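The structure under discussion appears below in the form of structure tokens.
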């Protein structure tokens, strides 16, 4: 049985100018590569060009990705590119953070088990013990880091130690109910995703769905975003909404909210795992 050839993803952002696409495609063609997927976007407001290409070496050619990586430096330098090259056969190393709510963790574990999310879960970290059985049932290391005002700095330092030791590339806050310090947010910039229980930054704090009920909302939503020091205000990756009406009691809204949260978070994680997300100042560009 013939194995499918390795595929690679190259992500590029740079000042917009002519000749970028030609330079990239010519370089890859000259090195025996076939481009199977390509997307681009020119943000005329910021003057930034974004591009994502999926490629593989042509059949019968024993290519060396290290040669591509070294050679592309010259192309990147010419256009002042920020760029990344990824081997899609390598699963991303992901650490999951939870508190007591289990729906997002359960959904991510299920999708991972079914092969929908190409990742290696390095650990589940929690400030409570409630979800330990769920993690250990899957054979995943569970780490208990209880947080108080006095221990917060120490436990965040311990968390970063775990991230470094496990070579974690992405941290997912799957309803982790602790506010991260500004310092930790900076350390995890661009590699931590949070799920927020609203499709707008409203209804902050305790019992958001009860607040929504009191206001008589007609839409329930959830927003998955990158973590920043501004609480629940980071660059948005995915949003999910569902229409509701006066018949919905608070518990009904909570149930709908669970669904929107799991869908928005799993989509955001998938986009990140597949290297589809680009940071564009306070926003994102996503090639779906």
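The values are calculated or read from the model by the stated rules, or taken from the named source; none is laboratory data. If you're wondering where the values come from, they're calculated on a predicted model, not measured in any experiment. Every residue, glycine as well, gets a Cβ built from its backbone with ideal geometry; the counts of neighbours run over all protein chains shown.
Would you mind finding the one in 244, 269, 227, 256 that is free of Cβ contacts under 8 Å to residues at least 60 places away in the same chain, within 11 Å of the chain's Cα centre (by Cα) and either surrounded by 15 or more Cβ atoms within 10 Å (Cβ to Cβ) or under 19 Å from residue 51 (Cα atoms) (or both)? First the steps, then the outcome.
On the way: 244 fails: within 11 Å of the chain's Cα centre (by Cα); 269 fails: free of Cβ contacts under 8 Å to residues at least 60 places away in the same chain; 256 fails: within 11 Å of the chain's Cα centre (by Cα).
The match here is 227.
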Inset, instruction - Within region 128-139, work out how many residues are without any contact (Cβ under 8 Å) to a residue 24 or more places away in the chain and either part of a loop (DSSP other than H, G, I, E, B) or not assigned by TED's automatic domain parsing to the domain that holds residue 97 (or both). - result: 2
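Considering only region 205-224, I want to know if a residue exists there that is assigned to a loop (DSSP other than H, G, I, E, B) and within 16 Å of the chain's Cα centre (by Cα).
Applying the first criterion (assigned to a loop (DSSP other than H, G, I, E, B)) to region 205-224 yields 205-207, 216-218.
With within 16 Å of the chain's Cα centre (by Cα) added as a condition, the list becomes none.
No: zero hits.
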Inset, instruction - Tell me, yes or no, whether region 155-166 has at least one residue that is touching a helix residue (DSSP H, G or I) at 6+ places or on another chain (Cβ under 9 Å), touching a residue at least 12 places away in the same chain (Cβ under 8 Å), more than 21 Å from residue 227 (Cα to Cα) and part of a helix (DSSP H, G or I). - result: no
Inset, instruction - Show the residue pairs that are 6+ apart or on different chains and have beta-carbon atoms under 8 Å apart, the first residue being within region 55-67 and closer than 17 Å to residue 10 by Cα, the second being part of a helix (DSSP H, G or I). - result: 55/28
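Would you be able to tell me the number of residues in region 116-127 that are surrounded by fewer than 16 Cβ atoms within 10 Å (Cβ to Cβ), in a loop (DSSP other than H, G, I, E, B) and in contact with a strand residue (DSSP E or B) (Cβ under 9 Å, 6 or more places away or on another chain)? Walk me through how you get there before you give the answer.
Just the residues of region 116-127 that are surrounded by fewer than 16 Cβ atoms within 10 Å (Cβ to Cβ), to begin with: 116, 118, 120.
Filter once more, keeping what is in a loop (DSSP other than H, G, I, E, B): 116, 118.
From what is left, the residues that are in contact with a strand residue (DSSP E or B) (Cβ under 9 Å, 6 or more places away or on another chain) are 118.
Summing the residues that are surrounded by fewer than 16 Cβ atoms within 10 Å (Cβ to Cβ), in a loop (DSSP other than H, G, I, E, B) and in contact with a strand residue (DSSP E or B) (Cβ under 9 Å, 6 or more places away or on another chain) in region 116-127 gives 1.
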Legend entry - In region 167-186, the residues that are without any contact (Cβ under 8 Å) to a residue 40 or more places away in the chain and surrounded by 15 or more Cβ atoms within 10 Å (Cβ to Cβ): 184
Legend entry - Search result, residues across region 77-115 that are free of Cβ contacts under 8 Å to residues at least 60 places away in the same chain, in a helix (DSSP H, G or I) and more than 18 Å from residue 270 (Cβ to Cβ): 77, 78
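Which of the residues belonging to region 135-156 are surrounded by 14 or more Cβ atoms within 10 Å (Cβ to Cβ) and under 18 Å from residue 177 (Cα atoms)? Break it down into steps so the answer makes sense when it comes.
The initial filter retains those residues of region 135-156 that are surrounded by 14 or more Cβ atoms within 10 Å (Cβ to Cβ), namely 135, 138, 140-143, 145, 147, 152, 155-156.
The answer is 135, 142, 143, 145, 147, 152, 155, 156.
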Inset, instruction - Go through region 4-18 and count every residue that is exposed (fewer than 13 other Cβ atoms within 10 Å of the Cβ) and farther than 23 Å from residue 118 by Cβ. - result: 3
Inset, instruction - Report yes if residue 150 is part of a loop (DSSP other than H, G, I, E, B) and within 30 Å of residue 207 (Cα to Cα), otherwise no. - result: yes
